[in-house]
Amino acid sequence: WVSHPKSPLITDDKANVRPAGPVLTFGGKKYRLAQDCSERYGAAVNAFEITTLSEVEYTEGVRQVLLQGTGSGWNSCGMHHLQIYNKHEGYLCAVSDGYEKIKLDL
């Protein structure tokens, strides 16, 4: 393992720095996934298109929100991971996790 010369890519930016899964390849493009923690932990999963990647260079495009909290149920408060598998041609499998706050009456 060798650290990339552009590492760390981002510092002091709670909306874009925390990883949210492996690099996603879709439609011939690659995307870096990141949690949006600007308002609270794991509020959303964002994607950044990787536009340049070499041994010395890295650039990425504008943030796009992929997943976010729905306001109710298992992902009411947020989403913080996404992984998509190419099982075989024409078949994708996606795995994600979200969270909700619950009150325990003990």
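The values are calculated or read from the model by the stated rules, or taken from the named source; none is laboratory data. Bear in mind that the values here come from a model prediction, so they are computed numbers and not experimental data. FYI the Cβ positions are ideal-geometry reconstructions off the backbone, even for glycines, and counts take in every protein chain you see. Quick note on the areas: whole protein, heavy atoms, side chains included, nothing else; ligands and nucleic acids left out. Shrake-Rupley method; radii C 1.70, N 1.55, O 1.52, S 1.80 Å.
Taking Leu92 as the residue in question, decide whether it is surrounded by fewer than 10 Cβ atoms within 10 Å (Cβ to Cβ), hydrophobic (A, V, I, L, M, F, W, C) and without any contact (Cβ under 8 Å) to a residue 12 or more places away in the chain.
Values: surrounded by fewer than 10 Cβ atoms within 10 Å (Cβ to Cβ): no; hydrophobic (A, V, I, L, M, F, W, C): yes; without any contact (Cβ under 8 Å) to a residue 12 or more places away in the chain: yes.
No; evaluated as a whole, the condition is false for this residue.
Restricting the search to the stretch 1-42, which residues are of a type in the set (Phe, Trp, Tyr) and either crowded, with 16+ Cβ neighbours inside 10 Å or in a strand (DSSP E or B) (or both)?
First, pick out the residues of the stretch 1-42 that are of a type in the set (Phe, Trp, Tyr): 1, 26, 31, 41.
Selection gives Phe26, Tyr31.
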Write out, first by first residue and then by second, each pair whose Cβ atoms fall under 6 Å of each other, whose residues are 6+ apart or on separate chains, and whose first residue, in the stretch 12-29, is in contact (Cβ under 8 Å) with a residue 12 or more places away in the chain while the second is aromatic (Phe, Trp, Tyr).
Leu24/Tyr31
Looking only at the stretch 43-84, which residues are open to solvent by 60 Å² or more (accessible area, probe 1.4 Å) and either hydrophobic (A, V, I, L, M, F, W, C) or in a loop (DSSP other than H, G, I, E, B) (or both)?
Leu53, Glu55, Val56, Glu57, Val62, Val65, Leu66, Thr70, Gly71, Ser72, Trp74, Ile84
Provide a single number: the residues in the stretch 66-82 that are under 16 Å from Pro22 (Cα atoms) and at pLDDT 85 or above.
5
